[in-house]
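Taking it in order: structure first as structure tokens, then the write-up.
The numbers here are math on the coordinates, done by the rules we state, and not lab data. The shown structure was predicted, so the numbers you read here are calculated from the model rather than taken from an experiment. Counting neighbours? That spans all protein chains shown, and the Cβs are built from the backbone with ideal geometry, glycine included.
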Amino acid sequence: DTAVSQTPKYLVTQMGNDKSIKCEQNLGHDTMYWYKQDSKKFLKIMFSYNNKELIINETVPNRFSPKSPDKAHLNLHINSLELGDSAVYFCASSQGQGDYSPLHFGNGTRLTVT
Amino acid sequence: DAKTTQPPSMDCAEGRAANLPCNHSTISGNEYVYWYRQIHSQGPQYIIHGLKNNETNEMASLIITEDRKSSTLILPHATLRDTAVYYCIVRVAPGKLIFGQGTTLQVKP
């Protein structure tokens, strides 16, 4: 069973389009995250949600909007896609919010904007 | 910015122990050291973490110096499947992992 699953695995789209990436975790964790890995392989946190409430927003453009319908899901919507949005996006989850429990990552969604 | 410094790459012979060093000289007293690895095309995988004491689990051992300014991740019997990028991370806040460039470990037959 996949603990943190993301769909789609690959996403190719044109500039200006709007797209969504879905994430689900079956670990019963309270906190979920989105991380971005750019072409230089640096991983940076974008958002975190705890029980559907936004906790961390790391100065991400307003075109990116996370949505958490329940604590097992955290979807990422991106409007007006730009070339610079091309990257691998990783969803992750952890047990709690105020603790230091390890993060469990999905296998990523490779977004290519042409 | 990452609070850790790691060598960019290392080689290890299959079956031997892989010792991956990490410097974190500015670590604060309540900040944990975490190790993750990323195998090509996969998401980061948690390995181990610690605060002051040495830690061991089924994957690896973590040795933290007494002054906490450096640590070493030990993979006791490296296999080809351990080839990956290994990240040493000082966790500054819950959920907020700041990844550096990591060490690319190449395990060779």
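In whole Hz, with x marking every Gly and Pro, tabulate ³J(HN,Hα) for the range A:53-65 from phi via Karplus 6.51 cos²θ - 1.76 cosθ + 1.60, θ = phi - 60°.
Each residue of the range A:53-65 in turn: 10, 5, 10, 10, 9, 8, 6, 8, x, 4, 5, 9, 9 Hz.
Positive end of the dipole of the protein assembly as shown, charges at C-beta (+1 Lys, Arg; -1 Asp, Glu), about the Cα centre: which of A:Ser94, B:Met10, B:Gly29 has its Cα farthest in that direction?
Farthest towards the positive end: B:Met10.
Could you give the nm distance between label points at A:Ala72 and B:Tyr32, where each point is 7 Å from its Cα heading toward the beta carbon?
Each label point is offset 7 Å from its Cα along the Cβ direction, giving 2.5 nm.
So if the hydrodynamic radius of the range A:45-85 is defined as the Kirkwood radius over C-alpha pairs, what does Stokes-Einstein give as its diffusion coefficient at 20 °C and 1.002 mPa s, in µm² per second?
197 µm²/s
Take the Cβ-Cβ distance between A:Thr13 and A:Thr59 as r, set R0 to 30 Å, and report the resulting FRET efficiency rounded to the nearest 0.05.
Efficiency for this residue pair is about 0.80.
Can you sort B:His77, A:His77 from fewest to most other Cβ atoms within 10 Å of each residue's own Cβ?
B:His77, A:His77
Only counting other Cβ atoms within 10 Å, I'd like B:Ile74, B:Ile48, A:Ile45 sorted with the fewest neighbours first.
B:Ile74, B:Ile48, A:Ile45
Among all cysteines in the protein assembly as shown, which have no other cysteine Cβ under 4.7 Å from their own Cβ?
B:Cys12
Report the percentage of all Cα-Cα pairs in chain B whose separation exceeds 24 Å, rounded to a whole percent.
Everything past 24 Å amounts to 17 percent.
For the range B:64-109, run through the trypsin sites (Lys or Arg not before Pro) and keep only the ones in DSSP coil with at most 13 other Cβ atoms within 10 Å of their Cβ.
Here the trypsin sites (Lys or Arg not before Pro) that fit, given the DSSP loop and packing criteria, are B:Lys69.
Considering amide H positions built from the backbone, and no H for Pro or chain starts, which residues 5 or more places from B:Gln106, or on another chain, come under 5 Å of its amide H?
Answer set, sorted by chain and number: B:Met10, B:Asp11, B:Cys12.
Expressed in nm², what is the orientationally averaged projection area of the convex hull enclosing the Cα positions of the protein assembly as shown?
12.2 nm²
So how long is each side of the range B:40-95 along the principal axes, counting just the alpha-carbon atoms, biggest first, in Å?
The principal-axis extents, from largest down, are 33, 27, 17 Å.
Once the principal axes of the Cα atoms of chain A are found, what is the range along each, listed largest first in whole angstroms?
39, 29, 27
Distance cut-off 20 Å, Cα to Cα: go down the list A:Lys9/A:Lys36; A:Lys41/B:Lys108; A:Lys71/B:Lys3; A:Lys44/B:Lys69 and report the pairs above it.
Table pairs above 20 Å Cα-Cα are A:Lys41/B:Lys108; A:Lys71/B:Lys3; A:Lys44/B:Lys69.
What is the dipole size for chain A, taken about its Cα centre, with +1 at each Lys and Arg Cβ and -1 at each Asp and Glu Cβ, in debye to the nearest 20?
Using Cβ point charges on Lys, Arg, Asp and Glu, chain A gives about 320 debye.
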